[in-house]
Amino acid sequence: MEFDNAFEVPLPPDEAWRLLLDIERIAPCMPGAELTEVVDERTYKGRTHVRLGPVALSFGGVVKFEDIDAAARACRVTAQGTDSKGRGGANAVVGFRVEPSAGGSTVRVHTNLTLTGTVAQYGRSIGIVQATAGQLIKQFAEALRTELATSPPLAPADESAVLPQAGEQVARDAPLAPAQSAATRPAPAAPPRPAAKPISGFALAMAVIRAWIGRLFGRS
C-alpha cells in the first residue's frame, strides 16, 4: 500500500534538511521509536511500538539511507522490521523531500509499505494504516517543534563540507555527512530526551472515524 503525508518544520529548507539527516537527534521525536545502534553513517537499528487497530505491535529492524540528493533536498530510505512475537513483518520504502513554505519548510513523505504474516491481517484496512501513519507524523512534527524550541540546530562551520555543491548528487556508497558527525558533535547541555510515547488508541480511533466520515461525504 502507498500513501502520502506532509508536515511543517519551522526552519529554512537547508536547515530542515540537515536536521532530518541527524537521526540520533530526531529519533526520540517519533512516537514509540527507540534507536538502539548506529551501524554506520547510513544504517541504523532500532525498535518501534505501534498499534494497528486494537493490536499492539513491536518491531525490531534496520533503517538505511539508500539515495541522498542534497541539491534537491530529497532522500530515499528503506526500513525492514520484524514483530517481536513472530507475527510477521513490515518492509517500507520511504521517500521524503524538503520544500520551502511560508512557515519555513514543508516535508513531503511518500511511503510504500508491505506487511507480511499475521501483521498483514491486522493492517488489511488501508484506512487504519493511513490513519496510524497520519497520527505518527502529526505527533512526530509536534515533538520536533518542541525539540527545536529547547535546542535549536547548530549551523555547520563550513557549509561546503556538509552538503554537496548544487547539482551534485551523493553517490550511493559514499558516507553520509550530517551537519555534525557523532565524533564532533558537542555534548548536549541537557540529558537525552526519552523516547516519545506510542500513539494512543483513542487518537487513532478518532483519526479512523474522521477518515471514514471524510470518505463517506466524498462519495456523496
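The values are calculated or read from the model by the stated rules, or taken from the named source; none is laboratory data. These numbers were taken from a predicted model, which means no experiment stands behind them. Positions of Cβ are generated from backbone atoms using ideal geometry, with glycine treated the same way; all protein chains shown enter the neighbour counts. Surface areas here come from the heavy atoms of the whole protein model, side chains and all, with no ligands, DNA or RNA. Shrake-Rupley method; radii C 1.70, N 1.55, O 1.52, S 1.80 Å.
On the given criteria, is Asp67 more than 22 Å from Glu147 (Cα to Cα), modelled with pLDDT under 95 and open to solvent by 60 Å² or more (accessible area, probe 1.4 Å)?
No: the conditions fail for Asp67.
Collect the residues in region 48-60 that are over 14 Å from the mean Cα position of the chain (by Cα) and open to solvent by less than 50 Å² (accessible area, probe 1.4 Å), keeping them in residue-number order.
Leu52, Gly53, Val55, Leu57, Ser58, Phe59, Gly60 - these are the residues of region 48-60 that are over 14 Å from the mean Cα position of the chain (by Cα) and open to solvent by less than 50 Å² (accessible area, probe 1.4 Å).
Go through region 38-57 residue by residue and tally those that are in contact with a helix residue (DSSP H, G or I) (Cβ under 9 Å, 6 or more places away or on another chain) and either part of a loop (DSSP other than H, G, I, E, B) or hydrophobic (A, V, I, L, M, F, W, C) (or both).
Counting residues in region 38-57 that are in contact with a helix residue (DSSP H, G or I) (Cβ under 9 Å, 6 or more places away or on another chain) and either part of a loop (DSSP other than H, G, I, E, B) or hydrophobic (A, V, I, L, M, F, W, C) (or both) gives 8.
Quick check on Ala131: is it in contact with a helix residue (DSSP H, G or I) (Cβ under 6 Å, 6 or more places away or on another chain) and either over 17 Å from Ile23 (Cβ atoms) or surrounded by 15 or more Cβ atoms within 10 Å (Cβ to Cβ) (or both)?
Criteria met by Ala131.
Give the residue that is nearest to His49 (Cα to Cα), with candidates limited to residues of region 117-128 that are modelled with pLDDT of 80 or more and open to solvent by less than 40 Å² (accessible area, probe 1.4 Å).
Only one residue tops the list, namely Val119.
Checking the condition surrounded by 20 or more Cβ atoms within 10 Å (Cβ to Cβ), hydroxyl-bearing (Ser, Thr, Tyr) and under 18 Å from Ala33 (Cα atoms), which residue from Thr111, Thr82, Thr78 passes?
Values: Thr82 fails: surrounded by 20 or more Cβ atoms within 10 Å (Cβ to Cβ); Thr78 fails: surrounded by 20 or more Cβ atoms within 10 Å (Cβ to Cβ).
Within the list Thr111, Thr82, Thr78, the selection yields Thr111.
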